[in-house]
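The values are calculated or read from the model by the stated rules, or taken from the named source; none is laboratory data. Nothing here was measured: the structure is a model prediction, and the numbers come from that model. When we count neighbours, we look across all protein chains shown, and the Cβ atoms used for this are built from the backbone with ideal geometry, even at glycine. For accessibility, only protein heavy atoms count, side chains too; no ligands or nucleic acids. Shrake-Rupley method; radii C 1.70, N 1.55, O 1.52, S 1.80 Å.
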Amino acid sequence: MFDTGGLLPVDAVPDGTTLLVAGPPMAGKRSLALGLLAAGADPADAAVLVSTDSSSAAIRAEYEHAVDGPTPSIGVVDCAGDAYEGDAVDPTTRRVASPADLGAVGAATTELLDDLDGGGTDRVGLFSLTTLSVRNGDEAPIRFVHALARAVDERGGLAVLTAHSDTLERRQIERLRAFVDGTLFVRRGADGIEARLEGLDAPDEWYELSVPARVRADVTPPDPDAPATPTAAPAPASAGVDFDAFAELIERVDGDRPTLTVVNRQSPDERLERIRAFFADLDVDVRETETGTERPRDVAMLHRGPSMMAASSLSELAGGVAAATAEDDPFEQRSGPDVLEALDERVFGARGVGRQLLIDASTAIEMTAWQTGGGTLMVGFQELSRYWESPRSRRVVRRVAESGVTVNVYGAPDVVPDPDHENVTVRPDGSAEIAETWFLAYDGDGRTDRTGALVVRETEPDEYHGFWTYEPSLATDVFAYVDETYGVTDGTGQQATP
C-alpha cells in the first residue's frame, strides 16, 4: 500500500495504482501530484518523472523539495530539452527529442526504473498529458496511459498523471478514466484548492486541500559557466522580420510544410490510403508521380520543395505507420523508417480547425511561460471581450502574470478592461488584422527551449487556419512582429468594470 500523505480522502492506495489528477491550468495539480509521489517515499524506492515542459534540473528540485526525509533515487525522462545541462552523459536522465515520440518515452521510463531499482517500490509521475495530446492527437496518449497503467500494475508501483481539464475534451477525460484506478478532480474554491476523488472507494464529495508549496524551477541555480545544449542557447534577437502581415507568414509556413511524394507505386491502394490518412493528421500532403523509368520503384520521398529530407520504401513506411498507430505497448522501444524519423515536429499546421485544439496548443505555451516565471508573453484575443468576459482566460493571464511574466493583451476595443495584475498591459487596437487573428508569442525569457508561438486567422465563425510552433527562430519572428507592429498602440473603447 502507498501512503497518501493526507492529500487524498483515503489513507493509502493499493500497489499498482495509477491516479489521474485533472483540473484547470495552474490549479496546483503539479504540486499535488509530486506530493502524492513523495508521500512515504523510502531511499530504496525509485521515482521516474516524465517532464514534457520543464528541464530535468527543475523537476528533480521540485520532487526533492516534496520529499520529507532522505531522497529516493530519481530518474527523469526529459522531453522538453534541458535548459542548462551540457553534453555530459547523466545516467539518471533520458532525453527524448519530442513528446510526440511516445515509444521513446515509454522505453526510457522502463529503462530508468530498471536501472534505479534499489529493492523498493516504483513511482512514476507524468507532467502532463495535455502536452502529449497536443503533440499526438487523441488516440496515442490514451494508448500510452493504458500501457503505463499496465506496466505500473505489473511492478506493483504507483503512477500519478496530470491533465488540464479545461483543454482536454470531456470525452478524452472520460476515456482516460477508464484506464486509471482513480481520478482526482481539482478546482479553485473560494478559500483555496478543493478536490474530489472518484474511484479507490473514496467518498464522492469535494473537500478542501492543502497543496504542497511549489518550489520555483530555479531552486538549484545552474552553473552559469556550464556549456549549453543547442536547444538551450539564448533566444536569438530578431534582426527585423521579413513579412508584412500574419496572413503572409501563414502562407509562407504553409508553403514550407513538407510533401510526401510516392514514386512509381506498385503497392496496393489500401496501403497508400493508410499512409495518406496518417500524414493528413500531420498536415503533410501526399502525392503520386510516375517517372517513366524503372527506378526508383515503390518509394516515398519526403521533401520541402526540391530539397530532399528522407526516403523510404512504401512497405517500410507502411510498417512504421502501423507501428505508430497500433494498439500495442509504446513502452517497447522501436526505430521507425527514415521518413518518419525526419518529420519536423516543432511546427504544427492548423487548417480549418476548431477552438478546442487551439486552446490545447495555447495552454501548452502559457504553461511554459508560467513555469519559466519570466520574460514576456503576448496574447491576441481578436476582441478584448473574449479575454475580459472569459473566466478561464482571465484566470490564466493572471496566474501567468503572478509568476513574474510580463503579459501584453491585444484585441479590438469592444471593451477596454482594466488589467487584473500589475504585470498585465492591455493594448486595444482596432485594426482588421487584430480582429481576425488569434495569436500567442512567448520569448522564453531569453531561452530557446522555452519559446513558442501560435498564429491562426478566423476564416469562418469558430474555424481557423494557421500554425503553432516551438521552433525558436519562427517563434522569435512572431514575437518581433507583434512588438514592432502593435507593441505601443493605443485605442479607445467602452471601459469594463473589473
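With the Cα gyration tensor of the stretch 138-205 giving a ≥ b ≥ c as the square roots of its eigenvalues, does the rule (a/c under 1.5 for rounded; else a/b larger than b/c for prolate; else oblate) give rounded, prolate or oblate?
Details: a/c = 2.26, a/b = 1.40, b/c = 1.62.
Oblate, because a/c is 1.5 or more while a/b does not exceed b/c.
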Q: Could you check the simple spin-label distance between residue 15 and residue 71, using points 7 Å along Cα→Cβ, in nm with one decimal?
A: 2.7 nm
**Q.** In nm, spacing of pseudo-spin labels at residue 270 and residue 390 (7 Å Cα→C-beta vector)
**A.** 4.4 nm
Q: Give the peptides 117-123, 152-158 in descending order of average Cβ contacts within 10 Å, highest first.
A: 152-158, 117-123
Q | Residue-normalised accessible area of the stretch 260-322, given per residue in Å² at a 1.4 Å probe | A | 55 Å²
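GluC sites (Glu not before Pro) within the stretch 341-425: which are DSSP loop residues with at most 13 other Cβ atoms inside 10 Å? Could the numbers behind the result be given before it?
Details: sites: 341, 345, 366, 383, 389, 402, 422; in loops: 345, 389, 422.
When the GluC sites (Glu not before Pro) of the stretch 341-425 are filtered for loop state and at most 13 Cβ neighbours within 10 Å, 422 remain.
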Q: Please express the Cα-Cα pair-distance distribution P(r) of the stretch 1-121 as a list of whole percents, one per 10 Å bin, running from 0 to the bin with the greatest distance.
A: 13, 42, 37, 8, 0
